[in-house]
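Worksheet: the structure to be examined is printed underneath.
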Amino acid sequence: MFPKRLKGMLDILPNESLFINFIINKFEEIVKLYNFSLIRTPILEYAELYYRSTGITSDIVNKEMYTFYDKKERLLALRPEGTPGVIRAIIENQLPIPQRVYYLGPMFRYEKPQKGRLREHYQLGLEIVGEKSPYSDFELIKIANHFFSEINLKDTLTLVNSIGCEKCRPKFKEVFLKYLQDKVESLCPDCQERKEKNPLRIFDCKNEKCQKIIKESPKVKDFLCNDCKNHFDRFLFYLEKSNIKYKIDENLVRGLDYYTKTTFEFISESLGEKISIGGGGRYDNLMKELGGPDTPCVGFALGLERVFYALKENKNFSMDNKNLMIIYDCEDSFWEAEKLANLLREKNISCYLNPDLESLKRQLKIADKLNIKYVIIIGEREREKGVYLLRDMISGKQEEIKKEEIIARLKELINV
Ligand code: HAM
């Protein structure tokens, strides 16, 4: 049998990769304006890294991690997320703090594949290490929104919350467990387990019955200690002063163990609230817990495929990527075509020249199949007259252009 693609994994095809690259390039361009530098960490790490950071009670580690033993019986994991590897690398390489880093790359989660949920997805992430001000939390949201606006993704909304710290959470836990006391039977089996191990995680459950229980329940945001409350109020103050569209979502606890204080997610109205295009928050304890210095951190990651789907839903771009093809009618015309192709590339204009000599009619068919917008035809007649024939493949209109005017005309037509 033909070996097919694994379930939940994508092939990014050439016509899509142009836009995928556009998204990645814009992200890099923008984050560099805010002083972030690229960090690349391995896709494979010791599984223990994720047990100790993402957390053994998180679905990501508990149910979704791709783990295996290597030839020396070491338990390894394909990274399910970028944050733990980045923090490990900063500690291990003793990078100076503060540090602002970004990363790009594939993540693996053995999830049930469905709309927007893949087993291999690609993240664009940012981590700010060593800044405790709520301005940093706000600045990340500002950067994400700057990026959304640059890629023309217009329908985004930022959801925000605070889940407190190790000082205020025990009080909330006590009240929350009391609230759950007579509702345990109605919780789904997963949440019955969560109640024992990490009750906050119940807020993350998508089960309808659990959602109902959560709706009426006390909220962690109302139990914040002074430090967490001041941090959150200041963060909201910065948001208020900006033009960023945001909403407080008191149920937003995020599915990873390391968060403290601020949590946030980005959604796109066209994909709906359930499929976040990105998320993150503050995690002031992780670095210390992994053996590094006591350092406040905050970050987020965007799901590249989800940003791409959202853009597609928004219909703010076209997937056509090839603009120009040169076709010719004989060997002599081919050399003329090649000369022109070289000149165009010198002038930064991309073009396609197929070296297999075929009839003009057949070459026009190829251009059509490839969605080419403009074709330059070079035949014996054009060579004799010293012109090129430029054909608009959509309207079918043709114009004769003097050789020396071709670059200027193309620059008018094609956005270069
Ligand atoms: P996360 O919310 O688990 O956070 O993932 C970040 C983003 O990756 C999600 O909002 C979503 O867009 C995308 N994503 C996650 N899982 C999938 C999937 N199965 N299929 C497609 N896309 C997916 C983190 O990973 C944290 N490390 C973010 C962070 C950075 N927090 C602090 N710093």
With a 1.4 angstrom probe the carbon and sulfur portion of accessible area for the chain, in percent, totals 49
Toy charge model, Lys and Arg Cβ at +1, Asp and Glu Cβ at -1: the chain dipole around Cα centroid in debye, rounded to 20, equals 920
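From the square roots a ≥ b ≥ c of the eigenvalues of the alpha-carbon gyration tensor of region 319-378, which class results: rounded (a/c under 1.5), prolate (a/b over b/c), or oblate?
Numbers: a/c = 2.50, a/b = 1.06, b/c = 2.37.
Oblate is the answer for region 319-378, as a/c is 1.5 or above yet b/c matches or exceeds a/b.
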Counting only protein heavy atoms and leaving out ligands, DNA and RNA, the solvent-accessible surface of PHE22 at a 1.4 Å probe, in Å² to the nearest 10, equals 80
Ignoring ligands and nucleic acids, ASP294 exposes an accessible area, probe 1.4 Å, in Å² to the nearest 10, of 110
For the chain, longest principal axis from Cα atoms; helix 83-92 axis from its Cα atoms; angle between them, nearest 10 degrees, is 80
Given a 1.4 Å probe, the accessible area of region 295-399 per residue, as a whole number of Å², is 52
When the charge dipole of region 1-116 is computed with +1 on Lys and Arg Cβ and -1 on Asp and Glu Cβ about the Cα centre, the Cα farthest towards its positive end, among ALA77, ASN35, ASN93, belongs to ALA77
Quick tally, 1.4 Å probe accessible area for GLU404, GLU64, GLU240, sorted with the most first, runs GLU404, GLU240, GLU64
Of all C-alpha pairs within region 347-416, those more than 14 angstrom apart amount in percent to 62
Once all protein chains are kept in place, SER149 shows an accessible area at probe 1.4 Å, nearest 10 Å², of 80
Beyond 23 Å (Cα-Cα) in this structure, taken from LYS219/LYS247; LYS167/LYS288; LYS171/LYS206; LYS221/LYS245; LYS115/LYS173, we find LYS171/LYS206; LYS115/LYS173
Partner lysines whose C-alpha sits under 19 Å from that of LYS365, ignoring same-chain residues fewer than 8 away, are LYS322, LYS373, LYS397
Cross-link reach from LYS385 to lysines, straight Cα distance under 18 Å and at least 8 residues apart if same chain, gives LYS339, LYS402, LYS403
Distance in Å, no decimals, from the C-alpha centre of region 158-228 to the one of region 247-303 is 16
Of PRO113, PRO189, PRO134, the most mobile residue in a GNM of the chain (C-alpha springs, cutoff 10 Å) is PRO189
When all Cα-Cα pair distances of the chain are considered, the percent exceeding 42 Å is 30
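Please state the shape class of region 1-86: rounded when a/c is under 1.5, otherwise prolate if a/b exceeds b/c and oblate if not, all from the C-alpha gyration tensor.
Since a/c reaches 1.5 but b/c is at least a/b, the shape of region 1-86 is classed as oblate.
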Checking rank on 8-14, 252-258, with mean other Cβ inside 10 Å and highest first, the result is 252-258, 8-14
Between GLU240 and LYS274, the FRET efficiency computed from the C-beta separation at R0 = 22 Å comes out, to the nearest 0.05, as 0.25
Per-residue accessible area, 1.4 Å probe, largest first, puts LEU75, LEU353 in the order LEU75, LEU353
For the chain, longest principal axis from Cα atoms; helix 331-346 axis from its Cα atoms; angle between them, nearest 10 degrees, is 40
Taking a straight Cα-to-Cα line shorter than 19 Å from LYS72, and setting aside same-chain aspartates and glutamates fewer than 8 residues away, one finds GLU45, GLU48
Per GNM of the chain with C-alpha springs under 10 angstrom, the most fluctuating residue out of ALA337, ALA301, ALA310 is ALA337
Ordering SER186, SER217 by the accessible surface of their heavy atoms, 1.4 Å probe, largest first, yields SER186, SER217
Given a 1.4 Å probe, the accessible area of region 45-178 per residue, as a whole number of Å², is 44
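The values are calculated or read from the model by the stated rules, or taken from the named source; none is laboratory data. On a predicted model such as this, the values are computed, not experimentally measured, just so you know. Don't worry about glycine lacking a Cβ; one is built from the backbone with ideal geometry, like all the others, and counts go over all protein chains shown. We work out accessible area using only protein heavy atoms, side chains counted, and drop any ligands, DNA or RNA first. Shrake-Rupley method; radii C 1.70, N 1.55, O 1.52, S 1.80 Å.
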